[in-house]
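Notes follow the structure.
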Amino acid sequence: MPINILMPALSPTMEKGNLAKWLKKEGDTVKSGDVIAEIETDKATMEVEAVDEGILAKILVAEGTADVPVNQPIALIAGEGEDPKSVSAPASGAPAPKAETAPAPQAAPAAAAPQPQANTVSGDAAAHMSYARVDQAPAGPAQASRPNGASQGNGAGQGGNRIFASPLAKRIAKEAGLDLAPIQGSGPHGRVVEKDVRAAISGGTAKPATAPAATPAQAPAAKPAAPQLASSMGADQVKAMFEAGTYEEVPLDGMRKTIAKRLVESKQTVPHFYLSLDCELDALMALREQINAAATKDKDGKPAYKLSVNDFVIKALAIALQRVPNANAVWAEDRILKMKHSDVGVAVAIEGGLFTPVIRKAEQKTLTAISAEMKDLAGRARNRRLKPEEYSGGSTAVSNLGMFGIKNFQAVINPPQGTILAVGAGEQRVVVKNGAPAVIQAMTVTLSCDHRVVDGALGAELLAAFKVLIENPMGMLV
Amino acid sequence: MTGESMANQYDIIVIGGGPGGYVAAIRAAQLGFKTAVVEREHLGGICLNWGCIPTKALLRSAEIYHYMQHAKDYGLSAENIGFDAGAVVQRSRGVSGRLNGGVGMLLKKNKVDVIWGEASISKPGEVVVTATKKPAMQPQAPAPKGILEPGTYQAKHIIVATGARPRVLPGIEPDGKLIWTYFEAMVPQAMPKSLLVMGSGAIGIEFASFYRTMGAEVTVVEVMPQILPVEDAEIAGLARKRFEKQGIKIITGAKVTKVEKGGNTVTATIDDGKGIQTITAERMISAVGVVGNIENLGLEKLGVKIERGTIVTDGLGRTNIPGIYAIGDVAGPPMLAHKAEHEGVICVETIKGLHTHAMDKGMIPGCTYCNPQIASVGLTEAKAKEQGYDIRVGRFPFVGNGKAIALGEPEGLVKTIFDKKTGQLLGAHLIGAEVTELIQGFVIAMNLETTEEELIHAVFPHPTLSETMHESVMDAYGRVIHI
């Protein structure tokens, strides 16, 4: 019997991924541990290693296929004594999984009655007669996996789309006045179950049901989704506003979906407020020049390190968090986690999106260590080679748009982090010093705070500690 | 997979061929793992050879005997009713033997190797199998053909599925002759005239029921205030009444403090807190629970975490030591075959990297095959209240059910417990004919998170005993029809 290679879950939360590349072709011998394919997840590209040995008999999911659900067979390995040519998918005679797999959800609304994704999967071979749930719950809006080509956005407004939820989940949601549509289901095939609704209620991530559903007398329990307004416009509605042919449709990749989901969640659920401050940079620039000039050079004349202003910003924020420990915290729904170390995320713009890799224990690291680590993380971020654990965690982050000449801006907090620091450009400014005009170098920084974790005065204290370090940078060296 | 060196190498070795172990092995083979099971005595484990299955065969004989004694109630005549204890036992052994052979065939069909002997884990990734030292329980089913000999075997993943054995109370050690465990109780040479059963869990009560039906004077001693301590108090109370009506003597809240053995009798001293009494019986069954088989596996040396006599896992079968897993009885309560099987599958699928979920132990049904049968799932009424639920309770007696009357089984009750606030089915507790076959309806309902509404809307076939389930739900919501 051929061995199914299934779409692996590369992280506990991964529900689907894009099959970026096959590194083995049909007919190749595969040994345990061989890298056979590359999978693009939410944000990273990761390698898939073979567990079984044999001959790669058939590739079921073509290179470049998007949104392949975890556990869907992606290839077959011919077992011992089997003729790879005779191997076909699947062994039990059930309909073969389509190589092109489920349609990318964003293309679905326009396409005529796409094959419901859930059915595609459940119709698979015996490999799926499994206690493991064939989870379809997508990373993005929950209904991407719902049959009948549930559309983008929240789908709640697409009349007639059935929301798969357990009766108990429906009842609890109804009593709490919650709309089920945006809740991501963790049950089989993305079904919304009790714990999802409870989590939504306690986490505040759910939206109240819109007017018609909120009046229980008018909303029959059986079709909670039907009369509701869409919370945001579906693709069809948006497209209707523009003349056909005047735009190009760009499908969403995993990163774009994650950005959309996380930041919508952040702006809708995190009570942001913003604190801005100017920092003088003269001392820092002088020190930086001095340190960089002291770097040893290799035989090509390349210095061993070159500190950027941002490296100082990371270090200063890390030390400031140690000095104001109450601000070094993240929100955890029913409690606050106060961090011992300063783990500082740093936003890295890449083609098609961004990553926020985290410098761990940044308060303990030297500027040169931070600089080297940033260089490595940013490099791998651009190649989408970061491991999920390298861009998760952290109590704060730094977003620096100074290099684009941005004077100041407000960054969106990356939940559950408590703060994020937006850094503007360093520039020469005329200020009044001791009653006389003076020219100084300065930059404006803006701290976005999650008010649940960091109150105004606390945020101000953190920013003040940061300013002291930036303006007296020798403090970072000792 | 080439060369001789691969012969002793496996992806997964399962230690123990009981219901947890052999199911895990088959699932592993289905997922493409090269798999072996190590078994020292009998494929199918206690469940199939000395537990669930052979007792069901014995109880079936008792049930038919009971019907024959009551043939007149059905307009039938049966005279000179009697039994041949040897033949009853032989039938039970035959049932076990047949299923034991079936497990061997299933393993063979799935290309799972069977290594015969006792295993210990010498280091992660290595299992040393030695010849079985434990004397086999007789009669022993023949070992399957094509078994592999003791030796050293390698496996990336080792699953401990060694099951459990009877708990022994100090001073009341079973001797196999006068004081029995379930092993001896299952293969009596002759029916004892009198029997003392210590412990009223499923095992104790099933034997009490069997031997009483076959004519023995039976006394059950339970240390807890109610018999069947894990069951709902109301159901246990009804069961007690029925047992007492059948002539079983029941003493609860009482300890056996001393046992003296005579030539062909046992005299037990029993202290119920109010007074001391002695009971003399021909045989005594010690049925005070089971303990996990954690010894001689090399677990301590490897640092595998053990708590309260069972191996600690993460709910997906993984122990604290990478590459070593545990499932079934040895991985903690409830010590039930169906829990072991389910854990075995979850464990193997976790190894495969499939998206598994730890099972919800609050939804594992329990069945006791005494007369009347008892079956339950979820919270008892007391537990639901203790957990702070505001509850609605539905009850429907078998006497209001047409099929029950037609069967001549009018004694039974279906009790359902709902969360008043959400309509969630929190528990179901049944006593009566065939309720062990009915309970799965409620198990499915709970797993699907149904509320009373779907259960009320569902159409139950008429005439069946299952209608009592429907009516019980309706009773909880004041809509019952037939009482």
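The values are calculated or read from the model by the stated rules, or taken from the named source; none is laboratory data. Remember, predicted model here, so these are calculated numbers, not experimental data. As a convention, Cβ positions derive from the backbone with ideal geometry for all residues, glycine included, and neighbour counts pool all protein chains shown.
Tell me, yes or no, whether the stretch B:420-432 has at least one residue that is of a type in the set (D, E, K, R) and under 30 Å from B:Glu63 (Cα atoms).
There is no residue in the stretch B:420-432 that is of a type in the set (D, E, K, R) and under 30 Å from B:Glu63 (Cα atoms).
Summed over the stretch B:65-88, the residues that are under 12 Å from B:Gly215 (Cβ atoms) and part of a loop (DSSP other than H, G, I, E, B) give a count of 3. Screening the candidates B:Leu455, B:Leu425 for the property of being in a strand (DSSP E or B), among the aliphatic types (A, V, I, L, M), under 15 Å from B:Asp475 (Cβ atoms) and within 14 Å of chain A (Cβ to nearest Cβ) yields one hit, B:Leu425.
Examine the stretch A:59-77 for a residue that is under 20 Å from the mean Cα position of the chain (by Cα) and modelled with pLDDT under 80, and state whether such a residue exists. No - not one qualifying residue is present in the stretch A:59-77. Does A:Ala283 count as within 30 Å of A:Thr356 (Cβ to Cβ), at pLDDT 80 or above and assigned by TED's automatic domain parsing to the domain that holds A:Thr366? So A:Ala283 passes the test. Taking the numbered list (1) at pLDDT 95 or above; (2) within 14 Å of another protein chain (Cβ to nearest Cβ); (3) not in a helix (DSSP H, G or I) in turn, B:Tyr325 passes all entries but (2).
Checked against the criterion of being under 21 Å from A:Phe466 (Cβ atoms) and either touching a Cys at 6+ places or on another chain (Cβ under 6 Å) or surrounded by fewer than 20 Cβ atoms within 10 Å (Cβ to Cβ) (or both), the candidates A:Lys261, A:Lys338, A:Lys306 yield just one match: A:Lys338. Taken over the stretch B:345-374, the criterion of being touching a Pro at 6+ places or on another chain (Cβ under 8 Å) and under 20 Å from B:Asp329 (Cα atoms) is satisfied by B:Lys361, B:Ile364, B:Gly366. Among residues of the stretch A:433-461 that are outside any loop (DSSP other than H, G, I, E, B), those with a beta-carbon under 6 Å from a residue that is acidic (Asp, Glu) at least six positions away or on a different chain give the pairs A:Ile440/A:Glu280; A:Ile440/A:Asp282; A:Gln441/A:Asp282; A:Ala442/A:Asp278; A:Ala442/A:Glu280; A:Thr444/A:Asp278.
Yes/no per residue for (1) buried (at least 19 other Cβ atoms within 10 Å of the Cβ); (2) under 23 Å from A:Gly353 (Cα atoms):
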residue	(1), (2)
A:Lys387	no, yes
A:Val398	yes, yes
A:Gly402	yes, yes
A:Lys407	no, yes
A:Val423	yes, yes
A:Leu469	yes, no
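Selection over the stretch A:175-188 of residues that are at the interface with another protein chain (Cβ under 10 Å from one of its Cβ atoms) and either polar (S, T, N, Q) or over 28 Å from the mean Cα position of the chain (by Cα) (or both) gives a count of 2. If A:Ser392 satisfies all but one of (1) within 25 Å of the chain's Cα centre (by Cα); (2) modelled with pLDDT of 90 or more; (3) closer than 22 Å to A:Ile319 by Cα, what's the number of the condition it fails? Status for A:Ser392: all satisfied but (2). Every listed requirement among (1) part of a loop (DSSP other than H, G, I, E, B); (2) surrounded by fewer than 15 Cβ atoms within 10 Å (Cβ to Cβ); (3) not charged (D, E, K, R) is met by B:Pro410 save one, (2). Taking the stretch B:347-398 as the range and being within 14 Å of chain A (Cβ to nearest Cβ), outside any loop (DSSP other than H, G, I, E, B) and in contact with a Leu (Cβ under 6 Å, 6 or more places away or on another chain) as the test, the residues that pass are B:Thr350, B:Lys352, B:Gly378. Checking A:Ala438, A:Ala457, A:Ala464 one by one, the residue that is surrounded by fewer than 17 Cβ atoms within 10 Å (Cβ to Cβ), assigned by TED's automatic domain parsing to the domain that holds A:Asn326 and at pLDDT below 95 is A:Ala438 and no other. You will find that of B:Leu426, B:Leu354, B:Leu465, the residue that is crowded, with 22+ Cβ neighbours inside 10 Å and modelled with pLDDT under 95 is B:Leu354 and no other.
Only one of the numbered conditions (1) under 14 Å from the mean Cα position of the chain (by Cα); (2) part of a loop (DSSP other than H, G, I, E, B); (3) not acidic (Asp, Glu) is not met by B:Ala340, and that is (2).
If I go through the stretch B:273-307 residue by residue, how many of them are touching a residue at least 12 places away in the same chain (Cβ under 8 Å) and outside any strand (DSSP E or B)? Residues in the stretch B:273-307 being touching a residue at least 12 places away in the same chain (Cβ under 8 Å) and outside any strand (DSSP E or B): 15 in total.
Residues of the stretch A:333-384 that are of a type in the set (Gly, Ala, Ser), outside any helix (DSSP H, G or I) and touching a Leu at 6+ places or on another chain (Cβ under 6 Å): A:Ser342, A:Ala347.
Scanning the stretch B:89-109 for residues that are in contact with a helix residue (DSSP H, G or I) (Cβ under 8 Å, 6 or more places away or on another chain), of a type in the set (A, V, I, L, M, F, W, C) and without any contact (Cβ under 8 Å) to a residue 40 or more places away in the chain yields a count of 0. Please go through (1) at pLDDT below 90; (2) more than 24 Å from the chain's Cα centre (by Cα) for A:Leu275 and return the number of the only condition it doesn't satisfy. A:Leu275 satisfies every listed condition except (1).
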